[in-house]
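This report concerns only the one structure given below.
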Amino acid sequence: MSICCLLAACQSSPEIVPMGPNTYTVTYGGGIGSPSHVSVGPARAKVMKAANQFCNERGFVMLPLAIRERPGAIGSHTAEVSLDFRAVPPGDAEIRRPNMESVAPVQRIHITQ
């Protein structure tokens, strides 16, 4: 029982850290024995939820900028996910869905001599 409490104490809530104007980062690594000890899935969900909650509480929308994931390795390190995001007001132009452009197909040129 005390081992479970000790393992649970290793896990903490992700901390939101300012990086610049309305730009933040949040990192979470699963503690030993947690579902995210090796898999990045639970850690990814935790940082996304923390960022969304942070923005919602302030009346903003969370706009993900970059995500970095490191899967855990047994005997070495636990899984870790870092999310950089921007807190933007609802209706901000940055929230729009990006326009995807089609890329021209690759042309292969064979040179024979």
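General observations
- Per-region count, segment 77-113, residues modelled with pLDDT of 70 or more, assigned to a loop (DSSP other than H, G, I, E, B), closer than 29 Å to P18 by Cα and of a type outside the set (A, V, I, L, M, F, W, C): 6
- Residue within segment 28-44 that is in a strand (DSSP E or B) and either at positive phi or modelled with pLDDT of 60 or more (or both) present: yes
The values are calculated or read from the model by the stated rules, or taken from the named source; none is laboratory data. Note that the structure is a prediction, hence the values are computed from the model and not measured.
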